[in-house]
Amino acid sequence: MTPPFTLRPAQEADLPHIVRLIRGLAEYEHLLHETSVTEDSLREPLFGPLPRAYAVIAEVSGRPAGLALFFYTFSTFKARSNIFLEDLFVEPAYRGAGIGVALMRHVAQLAIAENCRFVEWRVLDWNQPSIDFYNRIGAEPLIGWHTRQLGGDALAALAEGHPNG
């Protein structure tokens with residue numbers, strides 16, 4: 001039986017735990033080889049003078065066991081902000097205790113309080129347990145849109161004025 005948990009905004013002292021939880025998510029998603037996150041690389045974006053992202057920690061008996069990491073986007077069509085949930089992770093030993101739902105509820109409450117239109121995120125197509133969880137809380141797939149990503153050499157080439165196309 002999982003002991004009770006609490007949610008709280010992440011603090012700079014949580015950086016080792018945030019890195020551990022992000023690496024745990026990367027391992028679960030079979031993407032650990034792509035992970036280069038460090039405490040130093042997260043310090044400025046999360047806790048600098050102009051934060052680019054925000055984190056909520058779920059603690060069990062004083063130990064961080066879950067994480068929701070998010071940032072804000074903007075809808076020009078509606079002139080309103082949205083929340084993009086970059087990472088949601090609960091350590092395997094604590095799954096099934098309501099921590100994931102509580103983290104999602106917390107982010108949803110922030111979205112409502114800040115007049116956001118929606119909360120959006122991605123889920124890997126093979127991750128059926130997460131897809132099932134998201135379906136249970138009422139999330140729907142975004143039909144008609146494809147996610148695109150520009151990075152590496154193509155990003156550099158475009159920035160330099162040499163698009164690949």
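In summary, the chain shows an alpha-carbon radius of gyration equal to 1.12 times the 2.2 N^0.38 Å reference for compact globular proteins.
Remark: spin-label model distance R20-D125 equals 3.5 nm, labels positioned 7 Å along the Cα→Cβ axis. Largest to smallest in accessible area, the residues S81, S75, S61 fall in the order S61, S81, S75 (1.4 Å probe, all protein chains included).
In this calculation the C-beta distance from R43 to I143 is compared with R0 = 35 Å, giving a FRET efficiency of 0.35. Computed with the Debye formula from one identical point scatterer per Cα of segment 1-66, without solvent, the log10 of I(q)/I(0) at q = 0.25, 0.28 Å⁻¹ comes to -1.11, -1.21.
Counting Lys +1, Arg +1, Asp -1, Glu -1, what net charge surrounds R20 among other residues with beta carbon under 12 Å of its beta carbon? For residues surrounding R20, the net value is -2.
When V101, V60 are compared by accessible surface with a 1.4 Å probe, the order from highest to lowest is V101, V60. With a Förster radius of 25 Å applied to the C-beta separation of E34 and S81, the computed FRET efficiency comes to 0.30. Between P45, L67, I22, whose Cα lies farthest towards the positive end of the dipole of the chain when Lys and Arg beta carbons carry +1 and Asp and Glu beta carbons carry -1, centred on the Cα centre? Checking the options against the dipole of the chain, the answer is L67. Relative to the current alpha-carbon distance between A157 and N115, full extension at 0.36 nm per residue lengthens the span by 11.3 nm.
The values are calculated or read from the model by the stated rules, or taken from the named source; none is laboratory data. Computed from a prediction, not measured in an experiment: that's the story for all the values here. Neighbour counts run over all protein chains shown; Cβ positions are idealised from the backbone, glycine included. SASA here: full protein model, heavy atoms, side chains in, ligands and nucleic acids out. Shrake-Rupley method; radii C 1.70, N 1.55, O 1.52, S 1.80 Å.
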